[in-house]
Amino acid sequence: MKPSALRAMIQARHEAGVRRAIMLKGPPGCGKTTLPVELAKDMGIGCSVIHAPLMQSEDYGMPHINRSGPTPELDFIMSGKKFPFVDSDCPEQGYLVLDEVAQTGTEQQKILANLIQAREIHGRRLKDGWTIIATGNRATDRAGANRILSHFNDRMTEYEFEPDLNDWTIWALDHDVKPEVVQFIRFRPNLLIDFDPQREKNATPRGWVEGVSANLGVVPDEAEFETFKGDVGEGAAAEFRGFLKIYRKLPNPDAVLMDPKNAEVPTDPATLYALAGAIASRAKRDNFERVITYAERMPAEITVLVVRDSLQRDASITASAAYTRWCAKQTVLG
């Protein structure tokens, strides 16, 4: 299921009071953990992320003798981890994210199975307004995933997290991912995630965002290939470097927008994608007339990309006369 559909489903279940735990399973670096964290922020509710493999069995409760009462009693000292228990100061609603549960051992899974089903540990109950979301890699990814115990797995609704180009593009534009990276992935969508467990390094959304985009413009030119290779693997890095050479030789986007009726329109697909991103990154309400004038001279699918990316960067464009005319034209063309 693509991320936007997962977001809508998780939110709908939570708001309806469905508290059966959710398991998001997918390849490494695709955004499984980021999704509930950002969803909680957008909903204005709490979120607590616990990296499950780092938790020892004792972290869920260390037995000790409580001698504070008239008679000694067996009690448990809980870890300082942020569990949204009823007696805690956590918000009344939220998502408890158990990250990478597929990398936990058998004993940890037994404890988590009780937490997921009974929603309590050693008599301390979770707040009713919290939904448990577990994440994990697939065993086929060879990312350290262990076998999930059958009774543990049976207590969760499992969803396959499937990266989606359009969803990722929208997210990337909202999070200031470099336009060169966004347009390259548009041009080579299969490289958004190109995972082969036999390779030492693979292209993943995390590698493109936290690696390539963050390093772009920071490392010197002579170190770019080796850096990008270390982020997304040799093949993807080589293709991206080739795309960068095209991007850096583009006509000046500002000059194009100064004369949108006469500026040359490239024919090479890679150049078209690169120039589309460069123009969209400059689009504003007050210059959208020029943007759309040039964009409509490009192939139709590229024109749509320019408009979509422009709107994602500046929603006020929808109030421009140029955008209204473009929408009316699309309606007429059917």
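Highlighted here are the helices (runs of 4 or more DSSP H) found entirely within segment 116-194 that include at least 3 residues which are modelled with pLDDT under 90: 150-153.
In segment 243-254, the residue that is most open to solvent (accessible area, probe 1.4 Å) out of those that are part of a helix (DSSP H, G or I) and in contact (Cβ under 8 Å) with a residue 24 or more places away in the chain is Asp254. Residues in segment 112-140 that are open to solvent by 40 Å² or more (accessible area, probe 1.4 Å) and not charged (D, E, K, R) were compared, and the one that is farthest from Pro91 (Cα to Cα) is Thr140.
Just to be sure before I move on: is Ile279 surrounded by 15 or more Cβ atoms within 10 Å (Cβ to Cβ) and within 23 Å of Lys245 (Cα to Cα) in the structure I sent? First the steps, then the outcome.
On the way: surrounded by 15 or more Cβ atoms within 10 Å (Cβ to Cβ): yes; within 23 Å of Lys245 (Cα to Cα): yes.
Yes, satisfied.
Looking across segment 252-273, the residues that are polar (S, T, N, Q) and under 34 Å from the mean Cα position of the chain (by Cα) come down to Asn252, Thr267, Thr271.
Evaluated against (1) buried (at least 17 other Cβ atoms within 10 Å of the Cβ); (2) within 23 Å of Leu165 (Cβ to Cβ); (3) not hydrophobic (A, V, I, L, M, F, W, C), Glu210 falls short on exactly one condition, (1). Within 19 Å of Ile170 (Cβ to Cβ) and within 32 Å of the chain's Cα centre (by Cα), is that true of Thr303? Considered against the rule, which asks whether it is within 19 Å of Ile170 (Cβ to Cβ) and within 32 Å of the chain's Cα centre (by Cα), Thr303 comes out as yes. Restricting attention to segment 79-100, which residues are open to solvent by less than 30 Å² (accessible area, probe 1.4 Å), of a type in the set (A, V, I, L, M, F, W, C) and more than 19 Å from Arg13 (Cβ to Cβ)? Phe83, Phe85, Cys90, listed by residue number.
Within segment 315-325, if we keep just the residues that are open to solvent by 40 Å² or more (accessible area, probe 1.4 Å) and within 29 Å of the chain's Cα centre (by Cα), the residue that is farthest from His175 (Cα to Cα) turns out to be Thr318.
Conditions tested, residue by residue: (1) touching a residue at least 40 places away in the same chain (Cβ under 8 Å); (2) part of a helix (DSSP H, G or I); (3) touching a Gly at 6+ places or on another chain (Cβ under 8 Å).
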| residue | (1), (2), (3) |
| --- | --- |
| Lys261 | no, no, no |
| Tyr273 | yes, yes, no |
| Asn287 | no, yes, no |
| Ile292 | no, yes, no |
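Can you find a residue in segment 216-237 that is within 22 Å of Asp174 (Cβ to Cβ), out of contact with any strand residue (DSSP E or B) (no Cβ under 6 Å at 6 or more places or on another chain) and among the aliphatic types (A, V, I, L, M)? Yes. Examine segment 161-169 for a residue that is hydroxyl-bearing (Ser, Thr, Tyr), open to solvent by less than 30 Å² (accessible area, probe 1.4 Å), closer than 26 Å to Ser4 by Cβ and over 16 Å from the mean Cα position of the chain (by Cα), and state whether such a residue exists. The answer is no; no qualifying residue exists. Scanning segment 298-307 for residues that are loosely packed, with under 15 Cβ neighbours inside 10 Å and touching a residue at least 24 places away in the same chain (Cβ under 8 Å) turns up just one, Pro299.
Counting only residues that are touching a residue at least 40 places away in the same chain (Cβ under 8 Å) and hydrophobic (A, V, I, L, M, F, W, C), segment 196-236 holds 2 of them.
Where residues in segment 27-58 are at pLDDT 75 or above and among the acidic types (Asp, Glu), which of them is farthest from Trp168 (Cα to Cα)? Outline the logic, then answer.
Residues of segment 27-58 that are at pLDDT 75 or above, as a first pass: 27-56.
Restricting the remaining residues to those that are among the acidic types (Asp, Glu) gives 38, 42.
Details: Glu38: 14, Asp42: 17 Å.
Here the residue is Asp42.
Out of the residues in segment 1-59 that are charged (D, E, K, R) and part of a helix (DSSP H, G or I), which is nearest to Gly207 (Cα to Cα)? The selected residue is Glu38. Phe76 satisfies every condition listed in (1) modelled with pLDDT under 90; (2) surrounded by fewer than 15 Cβ atoms within 10 Å (Cβ to Cβ) except (2).
Being open to solvent by 30 Å² or more (accessible area, probe 1.4 Å), in a helix (DSSP H, G or I), modelled with pLDDT of 95 or more and out of contact with any helix residue (DSSP H, G or I) (no Cβ under 7 Å at 6 or more places or on another chain) is the requirement here; does Glu226 meet it? Steps first, please.
Details: open to solvent by 30 Å² or more (accessible area, probe 1.4 Å): yes; in a helix (DSSP H, G or I): yes; modelled with pLDDT of 95 or more: yes; out of contact with any helix residue (DSSP H, G or I) (no Cβ under 7 Å at 6 or more places or on another chain): yes.
Yes.
The values are calculated or read from the model by the stated rules, or taken from the named source; none is laboratory data. Predicted model, so just to flag it, every value in this text is computed and none were measured. Neighbour counts run over all protein chains shown; Cβ positions are idealised from the backbone, glycine included. We work out accessible area using only protein heavy atoms, side chains counted, and drop any ligands, DNA or RNA first. Shrake-Rupley method; radii C 1.70, N 1.55, O 1.52, S 1.80 Å.
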